[in-house]
1. Taking the residues in segment 189-202 that are over 20 Å from residue 212 (Cα atoms) and among the hydroxyl-bearing types (Ser, Thr, Tyr) as candidates, determine which candidate is surrounded by the fewest Cβ atoms within 10 Å (Cβ to Cβ).
2. Go through segment 43-53 residue by residue and tally those that are over 12 Å from residue 20 (Cβ atoms) and in a strand (DSSP E or B).
3. Of all residues in segment 59-94 being touching a residue at least 12 places away in the same chain (Cβ under 8 Å) and among the acidic types (Asp, Glu), which is nearest to residue 5 (Cα to Cα)?
4. May I ask you to list pairs of residues, at least six apart or on different chains, whose Cβ atoms are under 6 Å apart, with the first in segment 95-116 being closer than 17 Å to residue 159 by Cβ and the second being of a type in the set (Lys, Arg) and surrounded by 23 or more Cβ atoms within 10 Å (Cβ to Cβ)?
5. Give the residue that is surrounded by the fewest Cβ atoms within 10 Å (Cβ to Cβ), with candidates limited to residues of segment 127-144 that are within 13 Å of the chain's Cα centre (by Cα) and assigned to a loop (DSSP other than H, G, I, E, B).
6. May I ask you to list the residues in segment 164-205 that are in contact (Cβ under 8 Å) with a residue 40 or more places away in the chain and farther than 20 Å from residue 146 by Cβ?
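Coordinate-derived values only; no laboratory data. Note that the structure is predicted; figures quoted are calculated from it, not measured. We place every Cβ from the backbone using ideal geometry, glycine too, and count neighbours over all the protein chains shown.
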Amino acid sequence: MRLQAVIKSDSQIDDAVAFIKERYPELHSLLENWEELEFKLTSKALDDNTYILELEIEDSEFEKTLGIFQSLEEAMGAFLTTAEERGWERVPDRYAVYHAQFEGDVLIAGIKTEEGISKYDQMSLEKMMEKLVRYPRVVAYSSDVLTYIKDLFPDIDSRAYVVAREIAKAVGSAPELEELGKIYGVDTSTLEGKIELIDKLTRSPVKLPSGEVNLKPVYYPVEV
């Protein structure tokens, strides 16, 4: 299992465990509460004062807790729940691409997974959610489309990689998706075309009218 968190430091972090014990006690409390587990904790600098912590624990380590939990799955689930409560998140190992639009008065949504693209109308959004919630990261172009599913997926913001937001962070503003479709040669007149284009935008460098830009990887913490 691999977890990550974002921390700030004005100087290089030499001992990540000691650093979070002093500066981020909530993150460190996970290690204290599960002290029987052996782990590897590393830090990676993103800029002058922002770091990503990565905590790696072999699944076999959870065998040490089988006197408390009935199975490895139960132990790992309890550990992950505790970790998320303390500010950690699981490093995403896969993602789904999501987009939605109105066709007339009807909301049509679609997702792309390793199984391909699936489309849903307003009456079948719950079926889409059953599949979408299994993905640790959801990629969307704009935050507007997230509002359509927040009632069914309350924690979508904590899992969503919003491409337009990342473009705006890098260059100040983001173009319309249809404008990027012209640059990429993708037909955005259909929902499927838009989803395919959004998937392409997860791979840097991203082509913009003003040139190319490198965006943060999809698997980085959302708040970076």
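1. Of the residues in segment 189-202, the ones over 20 Å from residue 212 (Cα atoms) are 189-193, 195.
If we keep only those that are among the hydroxyl-bearing types (Ser, Thr, Tyr) as well, we get 189-190.
Details: 189: 10, 190: 12.
Selected residue: 189.
2. Keep residues of segment 43-53 that are over 12 Å from residue 20 (Cβ atoms), which gives 44-50, 52.
This time we only want the ones that are in a strand (DSSP E or B), so: 44-45, 50, 52.
Number satisfying all stated conditions: 4.
3. The initial filter retains those residues of segment 59-94 that are touching a residue at least 12 places away in the same chain (Cβ under 8 Å), namely 59, 61-62, 64-65, 72, 75-76, 79-80, 82-83, 86-94.
Keeping just the survivors that are among the acidic types (Asp, Glu) gives 59, 61, 89, 93.
Details: 59: 19, 61: 21, 89: 6, 93: 15 Å.
Ranking the candidates gives 89 first.
4. 99/194
5. Let us first name the residues in segment 127-144 that are within 13 Å of the chain's Cα centre (by Cα), namely 132-140.
Those still in the list that are assigned to a loop (DSSP other than H, G, I, E, B) too: 133-136.
Numbers: 133: 15, 134: 10, 135: 18, 136: 15.
For segment 127-144, the residue satisfying everything is 134.
6. Matches in segment 164-205: 170, 171.
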